[in-house]
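K.L.:
Here it is, the structure, as structure tokens.
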Amino acid sequence: MCQNQVAAKNHLKPIAYQVEQIIRQTAQEYIFRITCSEEVKPGQFYEISLPKVGEAPISVSSITANYLEFTIRKVGKLTNYTFQLKAGDTIFMRGPYGNNFPLEKFKGGNLIVLAGGTGFCAVNSLLEYYYQNYNQLKSLYFLTGFRNQASILYQNRLAAYQAKFTQTIYCLDEEVKAGFKQGFVTDYLKELPLNKLQDYYLVIVGPQPMMDAALKECKQLNLALEKIWFSLERRMSCGIGKCGHCKIGDKYVCVDGPVFNYSAIKNLID
Amino acid sequence: MAFSLNYQKIDDILAKLSSDYDIYAPVRLVGEGKFSATDRIQYDKITRAEQIVYNEKSDFSPREIISPITQTLFYFTENEFIENLPESRSIIIFARPCDINAFKRLDKIFLENGDFADSYYKSRRDKVHFALLDCKGGWESCFCVSMGTNKTSDYSLAVNFNSKTVEIEVNDSSFNKYFNDIKQCSYQYNFVKKNKIEVELPEIRPEQIEKISDLQIWQEYGQRCKSCGSCTAVCPSCSCFTTRDISYKENKKAGERRRVWASCLHPDFTEMAGGHSYRETAAARIRFRTLHKIYDYKKRFDTVNMCVGCGRCTDTCTQLISFATLLNRLSQEIKKLSVLEEGVEYVSKSSSS
Amino acid sequence: MEKKNIDIDVSKLTSNCFRQSKVKGECMLQMRVPGAVIKAEHLKYAVEIAEKWGNGDFHLGTRQTLSIPGIKYEDVSAVNKFLQSYIKGVEVDTCGVEMEVDSNGYATIGARNIMACIGNKHCLKANVNTTELARKLEKQIFPSPYHIKIGISGCPNDCAKGHFNDFGIIGLVKPEYDYERCIGCGKCVEACQGHATRVLTLTEDKKISKDSCCCVGCGECIVACPTGAWRRNPQEFYRVTIGGRAGKQYPRMGKMFLNFVTEEVLLKMLANWESFSADVLNHKPVYIHGGHLIDRAGYYNFKDKILAGVDLNPEAEVADHIYWAETEYRANIHVK
Ligand SMILES: Cc1cc2nc3c(=O)[nH]c(=O)nc-3n(C[C@H](O)[C@H](O)[C@H](O)COP(=O)(O)OP(=O)(O)OC[C@H]3O[C@@H](n4cnc5c(N)ncnc54)[C@H](O)[C@@H]3O)c2cc1C
Ligand code: SF4
Ligand code: SF4
Ligand code: FES
């Protein structure tokens with residue numbers, strides 16, 4: 001083993017950034033805009049890392065040249081704590097980690113994005129990318145569902161996406177609202193003109209039960225399963241392949257994922 | 001070159017080595033075992049040969065020397081994280097081939113997995129030299145030969161303690177200087193060639209995983225396992241940890257970020273906010289640990305298995321689960337699966353050799 | 001009643017460790033088994049006596065004696081003669097009791113057989129070697145004419161029911177916490193909650209805080225801990241309960257007298273029992289439960305006398321008062 005190597009970068013060390021703006025989405029979910037010009041790809045995440053509180057992996061929900069956005073849902077120790085932050089405060093993070101959606105692969109294809117609940121946070125950067133680079137796809141179908149009116153995310157973007165993308169289907173599980181269908185988002189997959197699309201890719205992101213239901217639906221619809229990408233969520237601690245928490249079979253969600261093609265995970269059991 | 005020396009001489013040499021190295025070896029904590037009137041054998045710094053427990057397997061592995069159970073990563077204030085990289089001297093660890101091989105397993109995770117090397121692990125690991133302890137035949141729960149970990153070439157010294165004398169093979173010329181004027185002998189390290197138990201490792205095809213995870217055997221072991229996590233705590237190749245922040249009582253704004261060992265046998269290992277866990281049952285957790293040790297790791301790194309067959313998990317289990325027996329049974333079950341799937345007859349190892 | 005012409009001094013018979021039987025002409029031998037452990041070879045004596053002089057049955061005495069019913073009075077001296085080697089083997093050779101063993105059987109029944117659970121030679125939970133302790137105590141109390149009942153348990157489970165003896169002795173450990181080894185898994189907390197007194201809690205930092213006041217010293221936390229963060233302190237400790245008894249009038253459970261005393265303290269304290277009894281009983285060794293004896297002397301008096309000359313170890317705790325609680329089948333026992 002080599003002696004006296006110059007100390008390599010300590011990848012567990014959080015870096016200080018500044019909170020530029022905090023945008024309330026729902027009572028439970030805020031967008032945190034962080035000043036940052038690092039190169040990040042849609043699908044990647046950061047470990048938000050606060051002294052005294054701990055760390056949590058959060059997807060980058062919006063990528064621009066000067067800032068990144070994170071949409072955080074308040075569910076536990078760290079996420080609760082972020083809600084006390086104010087614009088101008090320091091926030092510590094480390095990243096970006098993980099792989100990203102295969103933009104090269106999707107090029108020139110028909111893309112279907114199916115997001116449930118906070119899964120929207122993980123795919124929003126992808127949707128924004130295509131919003132700006134729409135010519136890279138033949139068509140884009142976006143389906144998303146929320147529990148009720150109070151949990152609708154990115155209201156303004158929903159409208160913009162609707163205006164631009166080939167087709168959008170928005171639904172609410174529990175309530176009725178104009179512009180929204182009623183029921184689970186997975187139930188509306190079959191309403192897409194799937195048989196007309198020669199070649200398509202499917203991105204599915206959401207809570208585990210939603211993704212399980214979506215996969216079942218895809219199987220029923222006889223979709224080509226190897227064309228499906230999931231973004232997985234597992235308990236994490238280090239985010240860089242050391243702590244073992246996120247391991248499924250021989251895969252580490254933090255380094256091999258969070259984006260996985262179906263064929264890479266079909267033989268994995270938690 | 002090999003040397004034979006008495007205990008007085010070896011202590012002189014240990015004294016000289018101590019000025020250049022921190023020396024770690026298994027030591028006996030008399031009466032501090034899990035059960036009353038039993039001892040605990042665990043790694044610690046030593047300065048004299050008589051402290052070294054050379055004729056018993058240690059209860060805990062040497063892993064904690066390089067990857068401490070609780071390790072402070074950073075000292076923090078509200079607006080700063082200050083690194084706490086271990087400043088360590090060079091290290092000599094008295095260890096057996098299985099444990100030395102286990103460090104190679106840990107190296108894969110800490111130094112290679114996920115592109116980044118772990119600075120904390122690396123800063124100590126880079127400084128390690130091994131002094132190979134003679135196994136004197138090994139112990140009943142060992143299955144290093146089955147795991148191919150009974151041998152190693154990664155050692156600076158190999159040491160055989162006898163009641164009056166100590167024989168040392170020097171395998172690293174930088175250590176020659178400590179042995180000037182010492183009587184030479186013809187000692188050569190004896191690697192164990194056969195254990196009392198043999199473990200047959202299962203042949204697993206990726207597409208069988210779902211069926212394998214449905215095997216009844218996991219339910220059975222799940223009923224017996226109390227999820228105490230002792231097996232992961234004594235394992236030389238387990239590497240999992242969790243990060244935790246603590247703030248000081250006196251000054252709430254300052255504190256430490258630490259990592260502590262974690263166990264995949266503990267129910268909260270996969271728990272997410274809201275309480276959902278991916279492996280709710282002991283059966284699922286045993287299955288996960290087993291496959292990690294004898295399948296997943298090997299598949300991922302396209303190398304050897306993670307388990308090194310030291311048998312400490314078997315030694316420590318208060319529910320009397322033998323990992324070796326579990327593996328042998330699993331192999332049989334998987335063979336049965338293969339027969340069912342393919343109608344292929346299998347020839348058992350023993351009858352073919 | 002059987003019409004037999006029998007003339008026996010029953011009290012002498014009793015102190016020779018034979019018990020009068022309702023069957024006229026018969027009695028039952030009670031062979032001491034200190035700490036309830038003997039070599040298998042010693043068991044042969046019981047078998048032979050039962051087959052040769054008894055009625056063929058064999059009873060496991062409630063005080064862990066080997067009891068042989070159906071012995072004819074005329075055979076008592078033959079049995080006693082045969083017993084000589086058993087008494088020598090068990091009392092002298094095994095326990096180191098300093099006594100002359102003759103052919104007259106047991107010299108006294110005063111100090112009763114010392115009961116014990118199997119202890120740490122076998123049990124996962126035991127904190128002490130109950131057999132060795134029983135043998136040391138046997139050496140100290142036998143053959144004393146003063147009545148004393150001792151029960152020893154390896155851990156606070158008290159399987160040997162020391163709480164119903166004059167002296168209940170319970171093996172304890174003082175677990176030591178190694179902060180650095182603790183991974184905050186909470187297994188010790190669960191164990192203490194499930195088996196003991198719920199004195200452990202997981203702190204916000206995921207380390208352990210312990211309310212030492214009520215730790216019963218069972219060591220469940222040590223056995224539960226995967227990383228060895230709870231260390232077994234090799235120093236063995238004891239709890240001593242006093243005044244426990246069964247009985248028709250007012251059975252009561254013993255109360256804690258000493259906590260976390262060392263073996264040395266324990267042995268020295270019990271060495272004072274004989275002189276304490278002699279004092280209270282005016283040197284007449286009559287049958288009286290230890291609890292009554294303590295009542296008669298008064299607890300504070302008892303405490304002074306039994307701890308006379310005993311240097312307590314630093315960890316030791318002594319009960320200030322004892323609040324007895326009996327089951328009063330006969331009311332107002334303390335009103336005279
Ligand atoms: C790749 C990835 C991307 C994510 N993206 C987002 C996002 O964009 N927005 C969002 O609101 N949430 C996201 N999550 C979920 C988020 O990480 C958890 O909600 C968060 O970790 C909870 O931490 P806590 O301290 O508030 O909760 P606690 O329950 O107090 O957490 C305790 C510990 O468990 C870990 N943990 C708990 N739940 C999770 C979880 N679901 N995933 C990973 N670790 C967990 C925490 O990191 C922490 O170490 C993502 C998770 C992953 C794995
Ligand atoms: S020894 Fe004390 S702390 Fe440990 S389990 Fe028993 S009562 Fe609880
Ligand atoms: S069982 Fe051991 S490691 Fe777990 S919390 Fe208790 S002391 Fe810590
Ligand atoms: S989060 Fe630590 S290994 Fe993936």
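The values are calculated or read from the model by the stated rules, or taken from the named source; none is laboratory data. If you're wondering where the values come from, they're calculated on a predicted model, not measured in any experiment. Positions of Cβ are generated from backbone atoms using ideal geometry, with glycine treated the same way; all protein chains shown enter the neighbour counts. SASA here: full protein model, heavy atoms, side chains in, ligands and nucleic acids out. Shrake-Rupley method; radii C 1.70, N 1.55, O 1.52, S 1.80 Å.
K.L.:
Which ones in the stretch B:301-313 are closer than 17 Å to B:Glu203 by Cβ and among the charged types (D, E, K, R)?
P.N.:
B:Asp302
K.L.:
For the stretch C:227-251, how many residues meet the condition of being in a loop (DSSP other than H, G, I, E, B) and of a type in the set (A, V, I, L, M, F, W, C)?
P.N.:
So the answer is 2.
K.L.:
If we keep just the residues of the stretch B:51-95 that are of a type in the set (A, V, I, L, M, F, W, C) and surrounded by fewer than 16 Cβ atoms within 10 Å (Cβ to Cβ), which is nearest to the other protein chains (Cβ to nearest Cβ)?
P.N.:
Out of the qualifying residues, it is B:Leu85.
K.L.:
What tally of residues in the stretch C:155-182 results from selecting those that are away from ligand 2 (no atom under 14 Å from the Cβ) and part of a strand (DSSP E or B)?
P.N.:
3
K.L.:
To continue, here is another question. Does the stretch C:63-82 contain at least one residue that is among the hydroxyl-bearing types (Ser, Thr, Tyr) and outside any helix (DSSP H, G or I)?
P.N.:
Checked against the condition, which is being among the hydroxyl-bearing types (Ser, Thr, Tyr) and outside any helix (DSSP H, G or I), the stretch C:63-82 yields at least one hit.
K.L.:
Among (1) under 16 Å from the mean Cα position of the chain (by Cα); (2) open to solvent by 50 Å² or more (accessible area, probe 1.4 Å), which single condition is B:Arg48 missing?
P.N.:
(1)
K.L.:
Sticking with this structure for a sec: Just to be sure I understand the filter: pairs with C-beta atoms under 8 Å, separated by 6 or more residues or on different chains, first member in the stretch A:250-270 and more than 11 Å from chain B (Cβ to nearest Cβ) and in contact (Cβ under 8 Å) with a residue 60 or more places away in the chain, second member aromatic (Phe, Trp, Tyr) and part of a loop (DSSP other than H, G, I, E, B). Which pairs pass?
P.N.:
What qualifies is A:Val259/A:Phe101.
K.L.:
For a quick check of your reading of the model, give me the residue pairs whose first member lies in the stretch C:225-239 and is under 22 Å from C:Glu180 (Cα atoms) and within 8 Å of chain B (Cβ to nearest Cβ), whose second is open to solvent by less than 10 Å² (accessible area, probe 1.4 Å) and within 16 Å of ligand 1 (Cβ to nearest atom), with beta-carbon atoms closer than 7 Å and at least 6 apart or on different chains.
P.N.:
Final answer for the pair search is C:Pro226/B:Ser263.
K.L.:
Which one of these is farther than 24 Å from A:Leu140 by Cα and either aromatic (Phe, Trp, Tyr) or within 16 Å of ligand 2 (Cβ to nearest atom) (or both): A:Tyr188, A:Tyr262, A:Tyr252?
P.N.:
Being farther than 24 Å from A:Leu140 by Cα and either aromatic (Phe, Trp, Tyr) or within 16 Å of ligand 2 (Cβ to nearest atom) (or both) holds for just one of A:Tyr188, A:Tyr262, A:Tyr252, which is A:Tyr252.
K.L.:
Can you find a residue in the stretch C:206-218 that is part of a helix (DSSP H, G or I) and not hydroxyl-bearing (Ser, Thr, Tyr)?
P.N.:
yes
K.L.:
Here is a further query. Somewhere in the stretch C:133-149, is a residue farther than 19 Å from C:Val97 by Cβ and at pLDDT 95 or above?
P.N.:
No: zero hits.
K.L.:
Here's something else I'd like to know. Restricted to the stretch C:158-180, and to residues that are under 26 Å from B:Ala233 (Cβ atoms) and open to solvent by 10 Å² or more (accessible area, probe 1.4 Å), which residue is farthest from ligand 4 (Cβ to nearest atom)?
P.N.:
Here the residue is C:Lys174.
K.L.:
How about the stretch A:1-55: which strands (runs of 3 or more DSSP E) wholly inside it have at least 2 residues that are closer than 29 Å to B:Thr72 by Cα, modelled with pLDDT of 95 or more and more than 11 Å from every other protein chain (Cβ to nearest Cβ)?
P.N.:
A:15-24, A:45-50
K.L.:
Could you check C:Arg245 against (1) at pLDDT 95 or above; (2) touching a Pro at 6+ places or on another chain (Cβ under 7 Å) and say which number it fails?
P.N.:
Checking C:Arg245 against (1) at pLDDT 95 or above; (2) touching a Pro at 6+ places or on another chain (Cβ under 7 Å), the one that fails is (1).
K.L.:
Something else: Looking only at the stretch B:210-231, filter to residues that are buried (at least 23 other Cβ atoms within 10 Å of the Cβ) and facing another protein chain (nearest Cβ under 9 Å); which one of those is farthest from C:Tyr179 (Cα to Cα)? Don't jump to the end; show me each part of the working.
P.N.:
Taking the stretch B:210-231 first, the residues buried (at least 23 other Cβ atoms within 10 Å of the Cβ) are B:218, B:228-231.
Within this subset, residues satisfying the condition of being facing another protein chain (nearest Cβ under 9 Å) are B:228-231.
Numbers: B:Cys228: 18, B:Gly229: 18, B:Ser230: 17, B:Cys231: 20 Å.
Here the residue is B:Cys231.
K.L.:
Please indicate, with yes or no, whether at least one residue in the stretch A:79-91 is within 16 Å of ligand 4 (Cβ to nearest atom), of a type in the set (S, T, N, Q) and not in a loop (DSSP other than H, G, I, E, B).
P.N.:
Taking every residue of the stretch A:79-91 in turn, none turns out to be within 16 Å of ligand 4 (Cβ to nearest atom), of a type in the set (S, T, N, Q) and not in a loop (DSSP other than H, G, I, E, B).
K.L.:
Would you say C:Val265 is part of a helix (DSSP H, G or I) and buried (at least 19 other Cβ atoms within 10 Å of the Cβ)?
P.N.:
Values: part of a helix (DSSP H, G or I): yes; buried (at least 19 other Cβ atoms within 10 Å of the Cβ): yes.
For C:Val265, the condition - part of a helix (DSSP H, G or I) and buried (at least 19 other Cβ atoms within 10 Å of the Cβ) - is met.
K.L.:
Do you know which of the residues in the stretch C:183-222 that are open to solvent by less than 60 Å² (accessible area, probe 1.4 Å) and charged (D, E, K, R) is nearest to ligand 2 (Cβ to nearest atom)?
P.N.:
Only one residue tops the list, namely C:Glu220.
K.L.:
Give the number of residues within the stretch C:194-222 that are in contact with a strand residue (DSSP E or B) (Cβ under 9 Å, 6 or more places away or on another chain), of a type outside the set (Gly, Ala, Ser) and within 14 Å of ligand 3 (Cβ to nearest atom).
P.N.:
Taking the stretch C:194-222 first, the residues in contact with a strand residue (DSSP E or B) (Cβ under 9 Å, 6 or more places away or on another chain) are C:199-211, C:215-219, C:221-222.
With of a type outside the set (Gly, Ala, Ser) added as a condition, the list becomes C:199-208, C:210-211, C:215-216, C:218, C:221-222.
If we keep only those that are within 14 Å of ligand 3 (Cβ to nearest atom) as well, we get C:199-208, C:210, C:215, C:221-222.
Of the residues in the stretch C:194-222, 14 are in contact with a strand residue (DSSP E or B) (Cβ under 9 Å, 6 or more places away or on another chain), of a type outside the set (Gly, Ala, Ser) and within 14 Å of ligand 3 (Cβ to nearest atom).
K.L.:
For A:Glu226, work out the one condition from (1) more than 17 Å from A:Gly109 (Cβ to Cβ); (2) at pLDDT 90 or above it doesn't fulfil.
P.N.:
Only one criterion is unmet by A:Glu226, namely (1).
K.L.:
Further, regarding this structure: Within the stretch B:142-168, track down each residue that is surrounded by fewer than 20 Cβ atoms within 10 Å (Cβ to Cβ) and either part of a loop (DSSP other than H, G, I, E, B) or in contact with a His (Cβ under 6 Å, 6 or more places away or on another chain) (or both).
P.N.:
B:Gly148, B:Lys151, B:Ser153, B:Asp154, B:Ser156, B:Asn162, B:Ser163, B:Lys164
K.L.:
Under 6 Å between Cβ atoms, which residue pairs at least 6 apart in sequence (or on different chains) link something in the stretch B:117-129 that is more than 7 Å from every other protein chain (Cβ to nearest Cβ) and at pLDDT 95 or above with a partner that is open to solvent by 30 Å² or more (accessible area, probe 1.4 Å) and in a strand (DSSP E or B)?
P.N.:
That search, which allows pairs on different chains as well, returns B:Lys127/B:Ser90.
K.L.:
Now for a different question. Mind checking whether some residue in the stretch A:221-232 is within 16 Å of ligand 4 (Cβ to nearest atom) and either within 12 Å of chain B (Cβ to nearest Cβ) or of a type outside the set (A, V, I, L, M, F, W, C) (or both)? Let's see the steps before the verdict.
P.N.:
Taking the stretch A:221-232 as the starting set, the residues that turn out to be within 16 Å of ligand 4 (Cβ to nearest atom) are A:231-232.
Pick out the ones that are also either within 12 Å of chain B (Cβ to nearest Cβ) or of a type outside the set (A, V, I, L, M, F, W, C) (or both) and you get A:231-232.
Yes; the residues of the stretch A:221-232 include at least one that is within 16 Å of ligand 4 (Cβ to nearest atom) and either within 12 Å of chain B (Cβ to nearest Cβ) or of a type outside the set (A, V, I, L, M, F, W, C) (or both).
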